[in-house]
Amino acid sequence: MDNKKNEKVVKEEAKDASPFDKFLTDQLAREEKNNQRFKKFSEGGETPQQKYNKLYREFPVNRTVWSKK
């Protein structure tokens, strides 16, 4: 008799869970991960774009200019 009551409780809990819960928890986890990443950069860290620009930017010293004499 107790077994039937337990089954009803489980079924009621299953009704409360929406099919989008998995999606929402995944989305929240991704947002939290991105927020931590942005905090790291805002605290003085260098973004990947800044690092790339620093390494490969064309400096005026290295520029070749062709002009007609």
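The values are calculated or read from the model by the stated rules, or taken from the named source; none is laboratory data. Being a predicted model, the structure only gives us computed values, none of them experimental. Note that we place each Cβ from the backbone using ideal geometry, even for glycine, and neighbour counts take in every protein chain shown.
Residue count for region 34-69 under the criterion of being surrounded by 10 or more Cβ atoms within 10 Å (Cβ to Cβ) and of a type in the set (Val, Ile, Thr): the result is 1.
A search for C-beta distances below 6 Å between a residue of region 16-33 that is at negative phi and surrounded by 10 or more Cβ atoms within 10 Å (Cβ to Cβ) and any residue that is modelled with pLDDT of 95 or more and in a helix (DSSP H, G or I), counting only pairs 6+ apart in sequence or on different chains, returns nothing.
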